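Read the figures in this text as sums done on the coordinates, not as results from a lab. Everything numeric in this text was worked out from a predicted model, so none of it was measured. Here the Cβ positions follow ideal geometry from the backbone for every residue, glycine too, while neighbour counts run over all protein chains shown.
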Amino acid sequence: ASALYSALHSPEKVAGLILIRPPTAWEERRARKMHLLSSAKKCQEMNEPEEKYHFVLRGTANSDLPPLGDPSYSSILCPVLILAVENDDTHPLSTATHIQRELRNAELVVSADLEAASREWPEIIANFVKNVQVS
């Protein structure tokens, strides 16, 4: 999500974009918000001094990607590689598919599971990076 927002903010500074397992977004994010906030509260109640993960959960619950159909997506002209995994509830394929439709120059690669992704993605990423034109 951070990489996507950076590219939306300054598309002229981004030669290529790789989105690995985009998170839940839009309606799915709203549906998960209460669960995320509840998890954050439980995490914070554990009261371990080094444990700050509850901040991440709260940030996740209260943030989202730009709405589908937002014209800002059209500002991203660079090549985009989106990597997703089938049946991933936290990073659903539906988010990756919607992002691909919003971006002009996006390729979506879907792996069967995380084990397959760990085998397949390094070469896919290396080839993508090799072909990105940096000016």
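Of note:
- Normalised by 2.2 N^0.38 Å, with N the number of residues, the alpha-carbon radius of gyration of region 1-64 equals 1.38.
- Neighbour cut-off at most 16 other Cβ (10 Å), DSSP loop, GluC sites (Glu not before Pro), region 1-88: Glu50, Glu51, Glu86
- Structure-based [θ]222 nm, the chain - -39500 (n - 2.57) summed over DSSP H runs of at least 4, per residue, nearest 500: -15500 deg cm²/dmol
- Candidate values (1) 8.7; (2) 11.3; (3) 9.4, label of the one derived for mean projected area of the Cα convex hull in nm²: (3)
- Most fluctuating residue given options Ser94, Ser38, Ser111, as computed from a GNM of the chain linking Cα atoms under 10 Å: Ser38
- Cross-link reach is defined here as a Cα-Cα straight distance under 19 Å, omitting same-chain residues fewer than 8 places apart; for Lys41 the aspartates and glutamates meeting it are Glu50, Glu51.
- Highest-fluctuation residue, Lys33, Lys13, Lys52 considered, GNM on the chain with Cα pairs under 10 Å: Lys52
- In this Cβ point-charge picture (+1 for Lys and Arg, -1 for Asp and Glu), the chain has a dipole of about 380 debye about its Cα centre.
- Separation of alpha-carbon centers, region 1-19 and region 23-85, rounded to whole Å: 17
- Shape class of region 76-135 from the alpha-carbon gyration tensor: oblate, with a/c at 1.5 or above and b/c at least as large as a/b.
- Only helices reaching 27 angstrom along their own axis (Cα) with mean Kyte-Doolittle hydropathy no lower than 0.0 count here, and not one DSSP H run of the chain does.
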